1. Out of 118, 153, report the one residue that is acidic (Asp, Glu), in contact (Cβ under 8 Å) with a residue 24 or more places away in the chain, more than 30 Å from residue 67 (Cβ to Cβ) and out of contact with any Cys (no Cβ under 7 Å at 6 or more places or on another chain).
2. Which of (1) touching a residue at least 60 places away in the same chain (Cβ under 8 Å); (2) surrounded by 16 or more Cβ atoms within 10 Å (Cβ to Cβ) does residue 17 not meet, given it meets every other one?
3. Does residue 33 satisfy the criteria of being surrounded by 14 or more Cβ atoms within 10 Å (Cβ to Cβ), over 30 Å from residue 183 (Cα atoms), under 16 Å from the mean Cα position of the chain (by Cα) and modelled with pLDDT of 95 or more?
4. Could you check region 126-143 and list, in sequence order, the residues that are within 18 Å of residue 104 (Cβ to Cβ) and among the β-branched types (Val, Ile, Thr)?
5. Can we say residue 129 is crowded, with 24+ Cβ neighbours inside 10 Å and either touching a residue at least 40 places away in the same chain (Cβ under 8 Å) or among the polar types (S, T, N, Q) (or both)?
6. Among the residues of region 26-81, write down those that are closer than 22 Å to residue 241 by Cβ and among the polar types (S, T, N, Q).
7. So for region 184-192 (the condition being among the basic types (Lys, Arg) and within 24 Å of residue 160 (Cβ to Cβ)), does at least one residue qualify?
8. Can you name the condition, by its number, that residue 192 falls short on among (1) at pLDDT below 95; (2) touching a Lys or Arg at 6+ places or on another chain (Cβ under 7 Å)?
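The values are calculated or read from the model by the stated rules, or taken from the named source; none is laboratory data. Computed from a prediction, not measured in an experiment: that's the story for all the values here. Virtual Cβ from ideal backbone geometry, glycine too; neighbours counted across all protein chains shown.
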Amino acid sequence: MKTVEDAISYIHNRPKGGQKESLYRMTTLLAALGNPQNDLPYAIHVTGTNGKGSVSTMASNILRVAGYDTGLFVSPFITNFRERIQINNEMISKDDLLHATNKVAQVLVNVDAELYPDIPVEFEVLTAIMFTYFYSKKLDALVIEVGIGGLLDSTNVMPNTKVAVITSVGLDHQKMLGNTITEIASQKAGIIHDDVAVVTGDLPDEARLVIEKKTPHVIKGLRHEFQSGLPGEYQIENTATAVAAVRAFAQNISDDTIQKGLEESHFSGRFELIAPNIMVDGAHNAQGLRALYKSLSV
């Protein structure tokens, strides 16, 4: 591949879904790359039906303002594919994306042959590109957003997760995650591992019971402690969750630094006014639409 457009087309042309729900494709690909995820810094790993992008963005900005060189992985993108992989609020450069994609593509020749027909899918390849890029930059911290679920998500391979965050649990992606709150919560709780601090947003009782079976120590943020930098009533809870996650990650970050990081956070497509009387919001399920309606009603 010679251009970033070639690289993005290569990623998009991978299969969208695998034949089996498993981490085997991901772990095989990473092993062929030398397991870059094993040598990355401590991470905040974020899942949830809604709010995970906002929480990830705010947490990464607080860490950046606190002096941490911070990698951020989010999905989906709004206007530019390179938004998905960032360091210190800057998108991955075209050259870096091309270089990392070429490196992953080289090992995929043999990995595809070994795993055919169940070869690594688009999001797995993108995750491998992200790990490869972050490994090359020697960062201080990571904030990694789950794609879907948690337990079998391709991001759930990091040995250095320090904080696991579950922002919310509602009905979405039932075909993959299950048809009940309990089943979906079980999938999202899959990012909880030994010696990991657990932070949650406001969860239904059924979901909280699932989380508390995995860990008795669940951290909940304080609403209205800080002013959110993102508009929308629903960002009050997301702000509390992001702050709690950062405090669990690094206890020495001052309140002034937290507030500055929140004020410098921006996330397109979340209660975003793009013209008079025209607003864009990424709500795409019942829980998200209820939160949007509440914000519009205030």
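1. Working: 153 fails: more than 30 Å from residue 67 (Cβ to Cβ).
The conditions single out 118.
2. (2)
3. Numbers: surrounded by 14 or more Cβ atoms within 10 Å (Cβ to Cβ): yes; over 30 Å from residue 183 (Cα atoms): yes; under 16 Å from the mean Cα position of the chain (by Cα): no; modelled with pLDDT of 95 or more: yes.
When the stated conditions are applied, residue 33 does not pass them.
4. 127, 129, 132, listed by residue number.
5. On the way: crowded, with 24+ Cβ neighbours inside 10 Å: yes; either touching a residue at least 40 places away in the same chain (Cβ under 8 Å) or among the polar types (S, T, N, Q) (or both): yes.
Spelling it out, residue 129 is indeed crowded, with 24+ Cβ neighbours inside 10 Å and either touching a residue at least 40 places away in the same chain (Cβ under 8 Å) or among the polar types (S, T, N, Q) (or both).
6. 47, 49, 50, 54, 56, 57, 60, 61, 70, 75
7. Restricting attention to region 184-192, the residues satisfying the condition of being among the basic types (Lys, Arg) are 188.
If we keep only those that are within 24 Å of residue 160 (Cβ to Cβ) too, we end up with 188.
Scanning region 184-192, I find at least one residue that is among the basic types (Lys, Arg) and within 24 Å of residue 160 (Cβ to Cβ), so the answer is yes.
8. So residue 192 meets the others, but not (1).
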